[in-house]
Amino acid sequence: MTNTICIFEDDQYQKFFPLAYIRPVYNLKTGIASLKEKILNAYPGAKVVLHCRSYLSDYMRLRNPKTLVNEIPSEDCLFINGRVLADENLAKRIPLTSKNEVVYINDGQVVAAYVKGASLRRVKRELHHPLSPEVFTKIPQTGSVVRLISYPWELVHLNGKELASDFELHMKSRGKKQKLNLKKYVGVHFLNPSDIVLGEGTTLKPGVVLDAGKGPIWLGQNVQILPNSVIVGPVYIGDGSIVKSGATIYENTTIGPVCKVGGEIEGSIIHGYSNKQHAGFLGHAYIGAWCNLGAGTNNSDLKNNYSHVKVQMDREQVDTGLQFVGLMMGDHSKSAINSMFNTGTIVGMGSNIFGFGFPPKYVPPFSWGAAGETFTTFAIDKFIEVAKRVMARRGVELSSFEERLFKRIFDFTKDERIRHGMPT
């Protein structure tokens, strides 16, 4: 019987662009943890194999040196879709072991599959591609109520619930809640301190308010909260991040690690090493890694007629079914001072946005230009130069794997830029 799980990417990964260009979908976050981490928490002790698109495989091996990537050595395996939103009951609904092969299906999509023998050998031959449902068609099926995430704004919409759930799970693993020495923090106001966790080395300056009355607040290690900042839970702020003076971080927000944030942020997810440290509103947004939002950058997250937000993706328009959807920005993108983004705008990775007015609601990867004007292409060599400078400021070196990855993404997104009228 197996003790191996393979977290796999299926053929829906493009729906998570621009956030999934440089990472598998299962490395996206909601709450404190990524989708992958939530799955691993459900199967403690299991051997783990990661599956991803072939162009990401070298980079994933670099980032996961102790984990097999696109390689399954066992004779049987439990495949789990990387879009699964796992909870503590996942292993009960989808057991690690099974007497017979089985595919778990939700609304025609593969949630998981226990595979062995000839079926596993057939799946192994397809590991260099995202796995489609057809790979598992010859295996008996059963229904499943396990949820699959379909678009990145769903991760934002669920962030508050997942923050509370992840917090509770972490508290169980710690055995007891942290008891804060409130007298240590002069001039700091704690509301419901039993639901507040402060990591080692974290500092709180006078005038700070931590309000966990409606949800927990978790501050990682070496976080700095500067004077007169207000944080309203549920909120998670990762290791090494800085909240600037006078900032307001509202509920359902995940930040970091190593971010600088200020102004007003609500219901948003910001990946590591990104900055939004000046005045301006960011709401119901998902920001990738190594982004920088200039002073006065604002995004709309609610239409004036309060109808559902429709998001323009590369080839289709999607009705999100949600009233609140903000900015989705890919990794290594920048906005200049006083930039404005309309409700449900998507900005492709490696883009540089400036000028007055609103840019288009869909900006292709590696775009350079002013709002209201025709964008040009951010040349890949110049982009890499900028990325090296930005990362060096945080003591991080851009690897040769990442350079090759960026060039690969630049090449296969060329047609997309042409479709949107950009000169190459």
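Brief remarks follow.
- Counting the residues of region 24-56 that are of a type in the set (Gly, Ala, Ser) and either in contact with a Ser or Thr (Cβ under 6 Å, 6 or more places away or on another chain) or more than 12 Å from Ile7 (Cβ to Cβ) (or both) gives 4.
- Residues in region 65-89 that are of a type outside the set (D, E, K, R), at pLDDT below 95 and within 22 Å of Gly31 (Cα to Cα): Asn89 alone.
- Unique residue being within 28 Å of Gly344 (Cα to Cα), touching a residue at least 24 places away in the same chain (Cβ under 8 Å) and either over 22 Å from the mean Cα position of the chain (by Cα) or not assigned by TED's automatic domain parsing to the domain that holds Gln12 (or both) when the list is Leu127, Leu169, Leu120, Leu163: Leu163
- Single residue of Val223, Val156 found to be more than 30 Å from Lys99 (Cα to Cα), touching a His at 6+ places or on another chain (Cβ under 6 Å) and modelled with pLDDT of 95 or more: Val156
- Tally, over region 228-279, of residues that are among the basic types (Lys, Arg) and either within 16 Å of the chain's Cα centre (by Cα) or not in a strand (DSSP E or B) (or both): 1
- Apart from one condition, Leu405 fits all of (1) closer than 18 Å to Lys276 by Cβ; (2) outside any loop (DSSP other than H, G, I, E, B); the exception is (1).
- Looking only at region 210-227, and only at residues there that are among the β-branched types (Val, Ile, Thr) and assigned to a strand (DSSP E or B), the one that is farthest from Ser165 (Cα to Cα): Ile225
- Qualifying positions in region 250-265 - surrounded by fewer than 24 Cβ atoms within 10 Å (Cβ to Cβ) and touching a strand residue (DSSP E or B) at 6+ places or on another chain (Cβ under 6 Å): Tyr250, Glu251, Gly256, Lys260, Glu264
- The single condition among (1) of a type in the set (S, T, N, Q); (2) surrounded by 16 or more Cβ atoms within 10 Å (Cβ to Cβ); (3) without any contact (Cβ under 8 Å) to a residue 40 or more places away in the chain; (4) in contact with a Leu (Cβ under 6 Å, 6 or more places away or on another chain) that Asn70 does not meet is (3).
- If you check Ser165, Ser150, Ser194 for being among the small types (Gly, Ala, Ser) and in contact with a helix residue (DSSP H, G or I) (Cβ under 8 Å, 6 or more places away or on another chain), only one passes: Ser150.
The values are calculated or read from the model by the stated rules, or taken from the named source; none is laboratory data. On a predicted model such as this, the values are computed, not experimentally measured, just so you know. Glycine also receives a Cβ, built like all others from the backbone with ideal geometry; neighbour counts cover every protein chain displayed.
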